[in-house]
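K.L.:
What follows is a single structure, and I will ask about it in a moment.
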Amino acid sequence: MQDIGINRISFSTSRYFIDMAEFALSRNQVKAKYYDGLMQEKMSIPPPCEDTITLAFSAAVNVTDKYDIEKIDLLIFATESGIDESKSCAIYIHKFLNLKSTCKVFDIKQACYAGTAAIFTAYAFVRANPGRQALVVMSDVARYGLHTPGEATQGCGAVAVIISENPSIAVINPKTGIHSEESMDFWRPVGRNEAIVNGAMSAKKYLSFLKRSYEDFQKNNGMELDHICFHTPFCKMALKGHIALYGNRDNFNVNSIAYNRLIGNCYTASLYISLISLLSNTKEDLSRRIIGLYSYGSGSVSEFFSVRMQAGYMDFLNIDLFKKNIEDRIHISIKEYENIYDSYCLDDIKNLDYLTSGELRFLGVSDDMRVYEKYKR
Ligand code: HMG
């Protein structure tokens, strides 16, 4: 069977962040609750000119730079914070990347699981169409109400992945483990900009679905894993996942949450930011190592799967760019964050010079149409 998997991968996040120590002070909490209790240190905050589309575009530009985009015959966009009830987010990326008109384009939704659903849809497409490739983008702005417990677990970011035969980075194992069952742990009714969540129930579901999908994965594979990356709504949840599987925190690989700890939740992209974190920050050569991945999407669907790292995978990771994405961000105060929070989804965006974005920015709404422009810093 032909090897199919990740040929390129990259991520983006917004240019602004808040510090969780300052956030704690503003919410009458102690720093340790967030730094240790949730294991979160910083949180990316999207300015009003940044949204799911602009974040996705920055990640997609990174993977398609110097890449032959003529090879891309499928584009799938995974998100749970899309910008239109009808039109796909993917078609904007298709336009701004100048992909060919014979490329198939659509969105996929199932909370944070949608990124993994997109990866396996792309996998099936590449298997059915030898020689063809697919671009998957996962992008989200995680938003809960101000002064709610969920507020500490926001964030934003996107991951772009090219799926192909003979991949340069990792081969995907198609024998996975699944658990699906309806639940009301987290949802966002039509018309609302903030998610509603039952925090305690969501954590329980995350762990019980982990157990069930891991058992199904092992039934199908019976395989030892060298490392595991978890969907990371906040870093302590990944640690709890590790403890649920192994009974203790020994060997929990903190490299797998290095970027998540500084970005926060990115819903569909979070698991793949964890994978990028592991690959970029682990000193050991991971060639031929097997990495398990746990994908969970509230509502709820989970899938546990694995990839085998290719020899030479490091040559295809732009680690300098990954570090720059995090280190070049601008620190903002809690007051500035609250102002930005209130102007989310405003039709008329002000102060664009101050609130800069990535490669593309949202300018506002004209005649009910969202307007974007390419942006050079
Ligand atoms: P909370 O009520 O603010 O916090 O909500 P808490 O009181 O539960 O404390 C959090 C942790 O901090 C606890 O650790 C405390 O002990 C500890 P734990 O006992 O759980 O290990 N703590 C301290 N530690 C050290 N020093 C201190 C201190 N004080 C307390 N002084 C909650 C936390 C996560 C529930 C909330 O932020 C929330 O509702 N977040 C959103 C929901 C969420 O992220 N759920 C995760 C699972 S569901 C999922 O992953 C799917 C999702 O990504 C969406 C999708 O699929 O689309 C969310």
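Derivation of every value follows stated rules applied to the coordinates shown; laboratory data play no part. In this text, all values refer to a predicted model and were calculated from it rather than measured experimentally. Here Cβ is always computed from backbone atoms with ideal geometry, including for glycine, and neighbour counts include all displayed protein chains.
K.L.:
For region 196-315, what's the relative contact order in percent, using C-alpha pairs closer than 8 Å and at least 6 residues apart?
P.N.:
Normalised by residue count, the contact order of region 196-315 is 30 percent.
K.L.:
For region 216-303, run through the trypsin sites (Lys or Arg not before Pro) and keep only the ones in DSSP coil with at most 14 other Cβ atoms within 10 Å of their Cβ.
P.N.:
Sparse-neighbourhood loop trypsin sites (Lys or Arg not before Pro): Arg249, Lys283, Arg288.
K.L.:
Would you kindly state how much longer the chain becomes between Gln218 and Met314 on full extension, computed as 0.36 nm times their sequence separation minus their alpha carbon distance, in nm to one decimal?
P.N.:
31.7 nm
K.L.:
Where does region 20-101 land on Rg/Rh, using Cα atoms and the Kirkwood Rh?
P.N.:
When Rh is taken as the Kirkwood radius, the ratio is 1.17.
K.L.:
Turning to a different aspect of this structure: Grab the alpha carbons of region 80-177, take their convex hull, and tell me the volume per residue in Å³.
P.N.:
143 Å³
K.L.:
Each residue of region 18-24 in order: what ³J(HN,Hα) in whole Hz does its phi give by Karplus 6.51 cos²θ - 1.76 cosθ + 1.60, θ = phi - 60°, with x for Gly and Pro?
P.N.:
10, 9, 6, 6, 5, 4, 4
K.L.:
So what's the back-of-envelope 222 nm ellipticity for the chain, counting only DSSP H runs of four-plus at -39500 (n - 2.57) apiece and dividing by all residues, rounded to 500?
P.N.:
-9000 deg cm²/dmol
K.L.:
Which pairs, out of Lys87/Lys204; Lys109/Lys324; Lys204/Lys374; Lys95/Lys324; Lys100/Lys236, put more than 32 Å between their alpha-carbon atoms?
P.N.:
Checking Cα-Cα distances, Lys87/Lys204; Lys204/Lys374; Lys100/Lys236 exceed 32 Å.
K.L.:
What residue among Gly312, Gly115, Gly358 shows peak mean-square fluctuation when the chain is described by a Gaussian network model with Cα springs under 10 Å?
P.N.:
In the Gaussian network model the winner is Gly312.
K.L.:
Could you work out how far apart the two model spin labels at Ala21 and Asn129 are, taking each label as a point 7 Å from the Cα in the direction of the beta carbon, and quote it in nm?
P.N.:
5.1 nm
K.L.:
In Å, what Kirkwood hydrodynamic radius results for region 144-273 from the alpha-carbon pair distances?
P.N.:
Here the Kirkwood hydrodynamic radius works out to 16.5 Å.
K.L.:
Taking DSSP loops as anything outside H, G, I, E and B, show the longest stretch in the chain free of GluC sites (Glu not before Pro) there with at most 14 other beta carbons within 10 Å.
P.N.:
After excluding every exposed loop site, the longest remaining stretch is 86-180.
K.L.:
So for region 1-74, averaging the separation of alpha carbon pairs under 8 Å that are six or more residues apart and normalising by length, what relative contact order in percent results?
P.N.:
Computed value for region 1-74: 37 percent relative contact order.
K.L.:
Per residue and in Å³, how big is the convex hull formed by the alpha-carbon atoms of region 232-377?
P.N.:
That works out to 173 Å³ per residue.
K.L.:
Under DSSP H, which helices of the chain have Cα atoms covering 15 Å or more of the helix axis and a Kyte-Doolittle average no less than 0.5?
P.N.:
52-64, 114-128, 235-246, 270-281
K.L.:
Let me ask you something else. For region 170-236, compute Rg over Rh where Rg is the Cα radius of gyration and Rh is the Kirkwood radius from the inverse mean 1/r over Cα pairs.
P.N.:
Here Rg/Rh amounts to 1.05.
K.L.:
Next question, about the same structure. Wrap a convex hull around the Cα atoms of the chain, take a quarter of its surface area, and give that in square nanometres.
P.N.:
Here the figure is 17.5 nm², rounded to one decimal.
K.L.:
Hey, another quick one. Rounded to the nearest 5, what % of the DSSP beta bridges within the chain are antiparallel ones?
P.N.:
70 percent
K.L.:
A further question on this structure: Please find, in a Gaussian network model of the chain (springs between Cα atoms separated by less than 10 Å), the residue of Ala269, Ala200, Ala134 whose mean-square fluctuation is greatest.
P.N.:
Of Ala269, Ala200, Ala134, the most mobile in the Gaussian network model is Ala200.
K.L.:
Still on this structure, I have one more. State the three equivalent ellipsoid semi-axes of region 256-340, derived from the C-alpha gyration tensor as the square roots of 5 times its eigenvalues, in descending order and whole Å.
P.N.:
So the three semi-axes of region 256-340 are 27, 20, 8 Å.
K.L.:
Which whole-number percent of Cα pairs in region 14-173 have a distance greater than 21 Å?
P.N.:
When every Cα pair of region 14-173 is considered, 51 percent fall beyond 21 Å.
K.L.:
How high is the relative contact order of the chain, given as a whole-number percent (alpha carbon pairs under 8 Å, six or more residues apart)?
P.N.:
Computed value for the chain: 25 percent relative contact order.
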